[in-house]
Each structure stands twice: as structure tokens, then as C-alpha cells.
1. If one computes P(r) from the Cα atoms of region 162-303, what percent of pairs lie at distances over 20 Å?
2. Rounded to whole Å and sorted largest first, list the principal axis extents of the Cα atoms in the chain.
3. Which percent of the Cα-Cα distances in region 373-463 go past 18 Å?
4. Would you kindly state how much longer the chain becomes between residue 73 and residue 228 on full extension, computed as 0.36 nm times their sequence separation minus their alpha carbon distance, in nm to one decimal?
5. Rounded if a/c is under 1.5, else prolate if a/b beats b/c, else oblate: with a ≥ b ≥ c from the C-alpha gyration tensor eigenvalues square-rooted, which is region 23-150?
6. Can you give the alpha-carbon Rg of region 8-255 over 2.2 N^0.38 Å, where N counts its residues?
7. Nearest 500 deg cm²/dmol is fine: what mean residue ellipticity at 222 nm does the chain get from its DSSP H runs of n ≥ 4 alone, each adding -39,500 (n - 2.57), divided by its residue count?
8. Please find the FRET efficiency linking residue 82 to residue 419, where r is the Cβ-Cβ separation and R0 is fixed at 51 Å, and quote it to the nearest 0.05.
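Read the figures in this text as sums done on the coordinates, not as results from a lab. Note that the structure is predicted; figures quoted are calculated from it, not measured. Glycine gets a Cβ as well: all are built from the backbone with ideal geometry, and neighbour counts include every protein chain shown.
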Ligand code: SF4
């Protein structure tokens with residue numbers, strides 16, 4: 001396992017964003033170099049987690065694993081993939097809920113159980129992990145990591161005396177919360193989506209084989225053809241017998257994470273029937289109708305605000321311009337050696353284009369504000385370029401509640417919209433105007449599917465009951 005000094009790599013340069021916590025990938029394709037294809041699949045999912053990466057490959061006899069801390073290209077910078085030979089594989093990219101890096105929490109996890117070897121990669125958060133871990137420990141279980149994924153493996157292993165499928169079916173009754181899983185044994189690839197379908201998971205074909213991925217962009221990258229999204233509560237088992245689908249639990253109320261469309265997912269992905277880029281553009285159009293302003297130019301905060309800014313420009317007739325240039329070579333992770341460099345913050349990532357901005361009234365479109373620590377710097381940067389008015393438009397409703405289903409949105413006490421009124425936020429970021437997309441406006445985009453989404457971070461309506469610790473209001477697995 002490759003190990004990097006903990007904390008060496010820090011969070012994204014624009015830190016005022018919710019953090020996604022994983023992407024998963026699986027492939028069953030005899031005759032293909034499954035390790036390399038998994039590597040490319042993870043590359044396409046890198047935006048979902050930059051802290052660690054791993055690949056597990058099986059050849060019918062054994063499962064081999066390599067994982068480490070860092071980006072996919074860093075973990076597999078040498079010839080590690082050459083040693084991973086087989087016809088099926090799973091992979092994982094991860095972001096943890098805490099700032100520090102923990103090599104022991106990198107995935108896939110690999111264990112021996114009664115049926116042989118079992119590797120697992122997980123996207124999501126369990127809501128009853130404390131209860132399950134205590135129950136397992138009381139009966140002698142030991143844990144190497146602090147992840148809820150290891151709890152899932154233990155629950156499956158205990159229930160799998162009569163086969164993995166039966167173990168999975170039983171486990172899905174005990175496990176509560178958000179989980180999209182890929183599982184590997186010596187000769188089977190298994191994919192599981194929780195009964196609410198919080199996190200995305202889709203299925204594709206590659207020749208006679210199959211591919212599973214968090215997002216369809218990973219299928220495209222490896223040349224696989226999109227077949228469909230997994231249904232909430234579905235298990236898919238792929239082996240030399242072909243593909244078998246088991247609808248284990250009747251889907252509960254669908255609760256797809258609506259933030260996937262706002263920020264997390266790649267714009268070229270199609271998730272549960274909706275192209276992310278198209279949805280973002282529509283968000284911008286709705287914003288323009290909800291908040292029409294007299295302005296000279298619409299600019300995005302790149303990249304996640306770009307599609308919505310284009311939508312705003314199209315609907316309002318105000319010209320779209322790239323007023324902020326992104327340094328594409330910093331990437332999502334970035335070496336931040338000391339406080340002085342950290343304080344440069346936004347400037348290292350985004351540079352204003354004075355020629356576009358000077359003397360203008362500007363609509364600046366971003367996807368969301370979490371703590372409000374970046375927006376004031378962006379507004380100040382625009383003012384330094386001679387901008388006359390800044391209207392900040394967000395393509396999400398105000399985030400007023402924490403997420404407990406696999407996204408790090410911060411403690412409620414740190415969420416600016418939970419603590420301040422709209423006017424107070426506007427003043428604190430120094431904008432002339434501020435508008436958030438309304439929840440109604442957001443849901444209208446999805447028409448008759450409007451009730452199929454989790455919107456808890458906007459309205460506190462949690463699809464699965466959660467228990468918040470009384471002291472901090474924060475629910476953490478680590
Ligand atoms: Fe997504 Fe928000 Fe629901 Fe979390 S609470 S799953 S971020 S919509």
C-alpha cells in the first residue's frame with residue numbers, strides 16, 4: 001500500500017463547498033485488462049474523492065488489492081497495475097469526513113469470510129452505524145478502520161453462511177442509510193443500491209462484459225454502453241452465469257441526492273434519467289426568471305457555476321462572459337505548505353479578467369454557499385477590477401441543514417444560511433444583490449419526478465431518521 005504523510009494534501013482551493021465522499025467502479029470483462037480499465041474509470045470519477053484510491057482485481061482463484069493515499073494517478077504512478085491480473089475488478093476513490101488522511105480507511109476493503117475473499121467499495125453513509133458497530137463489537141468483532149464500510153462488510157460476512165447473495169439480502173434489512181456498493185469475490189462482481197437510491201449507481205455493457213459506476217461518465221471513459229441506473233433496493237450479481245438482478249427490498253420513497261445535480265456530479269453524466277449539464281442550465285434559466293436584474297454581463301464561478309450561468313444568460317438575454325479564469329493545473333487538491341499560502345486562497349485558483357469586468361454590472365453565478373468563506377473574497381476581487389455592481393446568484397436553495405447521507409456539508413452551526421438572514425448574508429459577502437434558487441423552482445425542473453429527491457439540506461426533511469449527537473449537532477463516523 002502506498003502511504004503519504006497524513007495531511008500533506010489538503011482540501012480543494014475553493015473550500016466553501018460540500019464535499020463528496022466517494023466514487024465506485026466495477027467491471028466484469030474476461031479478455032480485457034480490467035485493472036487498467038478500472039484505473040481509467042476511477043480517473044473519470046476523480047471529482048468524487050481525491051484523498052485515496054484503490055483497485056482490487058480477481059482472477060477466479062484470488063483477489064489482489066492495491067490502494068493508497070492521493071489522486072488516482074499518484075497512487076498508481078508506477079507499475080502497480082501490472083501485478084493486478086484477472087477478469088473482474090472494483091475500484092474506489094475517497095474523500096473522508098475529516099481533514100486528515102487515514103491510509104487505513106482507503107478502499108476497497110478486502111477480507112476473508114466464510115465463503116472466501118470479499119472486497120468492498122462504498123459510496124454513502126450509514127445512519128445506524130453506531131448501533132451496528134456496538135452490536136458487532138459486543139459479539140467479538142474487531143475493526144481496523146473507522147469507516148462504516150467495514151461495518152457493512154462485517155454484517156454481510158455474518159449473514160453469508162448460505163452464500164453471498166443471501167447474506168446481502170439479509171444485510172440490507174439491518175443496514176440503514178445511504179449506500180451504493182461494489183463488491184468483488186474471486187469470481188463475482190456484485191453491485192448494491194440502497195432502497196432510497198441516495199447515491200447514484202449505473203450499469204453498462206462492454207462487449208460481453210459489464211461495468212458498474214457511480215456516474216455514467218466513467219462508463220463513457222472506458223467505452224462501455226450505458227444500460228440503466230440500478231433501482232433503489234436492487235442487487236446485481238455478475239458472474240460466468242451472466243447478470244442476475246435481485247430486487248431485494250421494495251424501493252422506499254426514492255430520495256436521490258439532488259446535490260448531485262447542483263454540484264457533485266460531472267456535467268456529462270446522466271443520473272437517474274437526467275443529464276447533469278442540462279439540469280444545471282435549467283437551474284440558471286429558473287434563476288433568471290426568479291431574479292431578473294439589470295446587468296451588463298453574466299459570469300460563472302468556474303467550473304460548477306458555468307452551466308447555470310449560461311442558462312441565466314440565455315433566459316435573460318444578458319451576455320455570458322468568462323470573467324474569472326481558473327488555473328486548471330491546481331486541480332481539486334493542492335499542496336498548501338503554510339498559512340500564508342493558504343491565505344492567498346481563491347486567488348491561486350481564480351483570476352479575474354479585468355477587461356471583461358471593468359465598469360460593468362455583473363451577475364455572478366455559483367452553485368452554492370456553504371459557510372460563506374469564499375464568496376466575500378470573490379466579490380472583493382471583482383470590485384478591485386472596477387465592477388460597478390455584483391449580483392450573486394446561487395443555483396441552489398440556502399443550505400440550512402447538515403447531510404447525513406455521505407456528504408460533508410459542515411456542522412449546522414457553520415452553515416451561513418442556518419445562522420444568518422438573506423440580507424445579513426448579502427452584507428457579509430459584500431454583494432449588491434443576492435438570490436438563491438427557490439426549492440420549488442429547483443424541483444419544478446424535474447416535473448413529475450419532483451418527489452423523488454432528497455432535499456434535506458435545504459428543508460430539514462430527512463428521508464431516513466437520523467440521530468444527532470446532542471453536544472455538537474455533528475454526526476461523524478470518525
Ligand atoms: Fe444530498 Fe442534501 Fe440529501 Fe445530503 S441532505 S443526500 S447533500 S440532498
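1. Working: 5390 of 10011 pairs.
Pairs farther apart than 20 Å: 54 percent.
2. Answer, in whole Å and largest first: 70, 44, 42 Å.
3. Details: 2152 of 4095 pairs.
Value for region 373-463 (Cα pairs over 18 Å): 53 percent.
4. 52.9 nm
5. Taking the square roots of the gyration eigenvalues as a ≥ b ≥ c, region 23-150 is oblate.
6. Against the compact-globule rule of thumb, the ratio is 0.93.
7. Numbers: 16 runs with 126 residues, N = 478.
After summing the helix terms and dividing by the residues of the chain, the value is -7000 deg cm²/dmol.
8. E between residue 82 and residue 419, to the nearest 0.05, is 0.45.
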